[in-house]
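Below you'll find the structure, written out as structure tokens, and then a few comments.
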Amino acid sequence: MSNGIMKILLEDVIIYILLRFSVKSLLRFKFISKSWYSLIQSSRFKNIHINDTTTTNNEFIIFSRSFKETEGFKNVLSINCSDDHNDLVLIDLDLPYLNFTRRFNELVGPCNGLIVLTDNDVIVLFNPATRNYMSLPLNPFVCQKGFHRSFKGDIGFGFDSIGNDYKFVRISEVFLNAYWGPEKQEKKVEVYDLCIDSWRDVNPDMDQQLPSVFSNPSFEILHHGTFHWYAKTDRIFVILCFDISTEIFHNMNMPDACNVFDGKCYSLTVLNELLTLICYPPPKSNNDLTQHTMDIWIMMEYNVHQSWTKMYMIKPFPFEFPLTTWRDHLLLLQSKSGLLISYDLNSNQVKEFDLHAYPKSLRVIVFKESLISIPKRGP
């Protein structure tokens, strides 16, 4: 009995030590011995590693950006490997499946260190720490003759804690080719289960019709096991929510002061682990910027409308749209010219980084390194 206890204690000490190392080092440590290989590969260690909050050394930023070339657009995926708030040390990634030719591609996630890249045609699940990836199979749905299918930044991704599986959800609208209107449209919801490598249809269980999803830069986000989109009902714009485990949709109203008729734009992020709505002036507004502010609303209690609280009211400065938050006090944004800039919520300082992209093409995700493996699909 004592030997068993000592063995468990020794393993716990080894785990505590290993948690201090990067994923790159852990992947090398697997070859030290069979026992270390089994430990690092175990689901127990992977779960402890992904949930470890004692250090931020394994927190990184991944950037997706485009450059205009004569034959089209060149897309670059890069990881920041610096802990310094004032500098970026980028490593470019060159991976198959990621050579999209459009002006920009979306980053979705993160979830347990995994992210998704998509240009609406190709969907790739990717672990930036291990460089492990897979391309999802094409959706088998085919439109009938005379109809057209529309995608609007409508791919969600998350972990089903009940079914212990990763899921993708995709919302699309099917129109008659000759008529684009609500009377001639059909909403389709499809879910891809990673464990069975297959798409299936889902019937939305809502009291009213499923809202229409709109693609807003840096709005789609996973939080509290629920994916969120910017969407419109018959009357107002709302936050459309999809619970990854129960596969149930519901609408969440934005703060009462955020009137869709005020002409402002909206972005969704997470600040201090709380759902956060950024309300900002439209980039192409002809109005005097000094008459506007960028307002940051935080939902102090999730899914409780009355808990929306305006925490920051920022004086205007030129930018295109917000990207994400970093270290709970830095707001990352893209400038109108395509540069990465940051705004410090504590000091109100604005900094411009030497990272350039084609205007409106920059996408950013802050993620935590993970050992979660991605299965390889068959031919």
- Burial-style ranking of 157-167, 36-46, 213-223, average other-beta-carbon count within 10 Å with highest first, yields 213-223, 157-167, 36-46
- Once Lys and Arg are counted +1 and Asp and Glu -1 for all other residues with Cβ under 11 Å from that of Glu320, the total becomes +3
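Could you tell me which chymotrypsin sites (Phe, Trp or Tyr not before Pro) in the range 279-379 are loop residues by DSSP with no more than 15 other beta carbons within 10 angstrom of their beta carbon?
Tyr302
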- Task: Note the full-extension length gain between Phe141 and Val76 as 0.36 nm times their separation in residues minus their Cα-Cα distance, in nm to one decimal.
- Result: 20.4 nm
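Just order 247-253, 235-241 by mean Cβ neighbour count inside 10 Å, highest at the front, would you?
235-241, 247-253
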- Expressed in nm to one decimal, what extension gain is obtained for the pair Met311 and Glu273 from 0.36 nm per residue of sequence separation less their Cα-Cα distance? 12.3 nm
- Task: Would you mind checking the pairs Lys30/Lys360; Lys310/Lys351; Lys167/Lys368; Lys74/Lys336 and listing those with alpha carbons more than 31 angstrom apart?
- Result: Lys30/Lys360
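Computed from the coordinates by the stated procedures, all read-outs in this text should not be read as laboratory data. What you see is a predicted model, and the numbers here were worked out from it, not measured in a lab. Note that each Cβ is placed from the backbone with ideal geometry, even for glycine, and that neighbours are counted across all protein chains shown.
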